Structures are given as C-alpha cells and as structure tokens.
Amino acid sequence: MKTALKKYSINRSIDQAWDVFDQQVRLARLRLSTKNIHKLRVSSQKLEAILNLGCHVQPSTRSKNIILMIKKIRKNMGPLRNIQIQAKDIIKYKNNILDKNKQHAFFKFMTKQKKIAKKN
C-alpha cells in the first residue's frame, strides 16, 4: 500500500512539475527575458529532481532519457542567462556613468552660478 501511495504521490508531483516546466517554456518562447529564463531554469531543476526521485522508486529508461534532455536544455540556457545578466550589468553601469555626468554638469553649473553671484 505504501509503495502505491508513493508512486501516486510522485506521479502527481511529476505532473505538476511538468506543467510548470511546460508553462515556463512557453513563456520563455513568447518573451525572452532574464526573469523567464531564470524561471525556466529553476522549473527544469525541480522537474529533474522529481524525476530522479521517481527513478529511484520505479527505474525506467524513459525517465533517464528525459532527465538527460532536461539537463541539456538547462546547460544550453546557461550562456544565454549569463549574457542577459551581463547586459543588465552593462546597462546599470551605463546609467551610473550618465548619472555621474549629469551630476558633474549640475556641479559645474552651480559653481558657475556661485561665481556670478560673488561678482554681483
């Protein structure tokens, strides 16, 4: 009885994890954002973990092949995720430089105004 309950529970967990993974694949294909890629990688890790657990309860070649496929997908998404993070960092860096330039221009303007005020 316990084995049947474990199989049912694991099967239900696999179904839920697969649904989440499938949804994340669809979202990532619709909009290739850092958030969607991150969620896809996380959902693939969860699905892989549950499938590994299922393989211990009821070993099957099919599950092992699916696990290998999921690992390949996540491995191939790694460089994309890295590029997305680097792009975000570059944008932040660029914005900081622009902010510093604006601050410098404001400081320059105020210094000029101070000199004008002293003359008057």
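All of the numbers you see were taken from the coordinates with simple rules; none came from a lab. Here the structure is a predicted model, which means the values were calculated and not measured. Counting neighbours? That spans all protein chains shown, and the Cβs are built from the backbone with ideal geometry, glycine included.
Reported to two decimal places, what Rg/Rh ratio describes the chain when computed on Cα atoms with Rh from the Kirkwood expression?
Working: Rg = 26.3 Å, Rh = 18.3 Å.
Using only Cα positions, Rg/Rh for the chain is 1.43.
Points 7 angstrom from Cα along the Cβ direction at I91 and K108: gap in nanometres?
Result for the modelled spin labels: 2.8 nm.
Taking +1 at the Cβ of each Lys and Arg and -1 at the Cβ of each Asp and Glu, which of I90, S9, N36 sits farthest along the dipole of the chain towards its positive end, judged by Cα position relative to the Cα centre?
Comparing the listed Cα positions along the dipole, I90 ranks first.
Tilt of helix 2-30 relative to the longest C-alpha principal axis of the chain, in degrees (0 to 90, nearest 10)?
40
With axes computed from alpha carbons, what is the tilt in degrees of helix 34-57 against the longest principal axis of the chain, rounded to the nearest 10 within 0 to 90?
20
For the chain, what does -39500 (n - 2.57) per DSSP helix run (n ≥ 4), summed and divided by total residues, give at 222 nm, in deg cm²/dmol to the nearest 500?
-34500 deg cm²/dmol
So how strong a dipole does the chain carry about its Cα centre when Lys and Arg Cβ are +1 and Asp and Glu Cβ are -1, to the nearest 20 debye?
Values: 29 positive and 6 negative charges, 197 e Å.
About 940 debye.
Once the Cα atoms of helix 61-119 and of the chain are each reduced to a long axis, what angle between those two axes, in degrees from 0 to 90 to the nearest 10, is obtained?
For 61-119 against the chain, the angle is about 10 degrees.
Of the residues R26, R74, R62, which exhibits the maximal mean-square fluctuation in a Gaussian network model of the chain defined by a 10 Å Cα contact cut-off?
Residue with maximal mean-square fluctuation among R26, R74, R62: R62.
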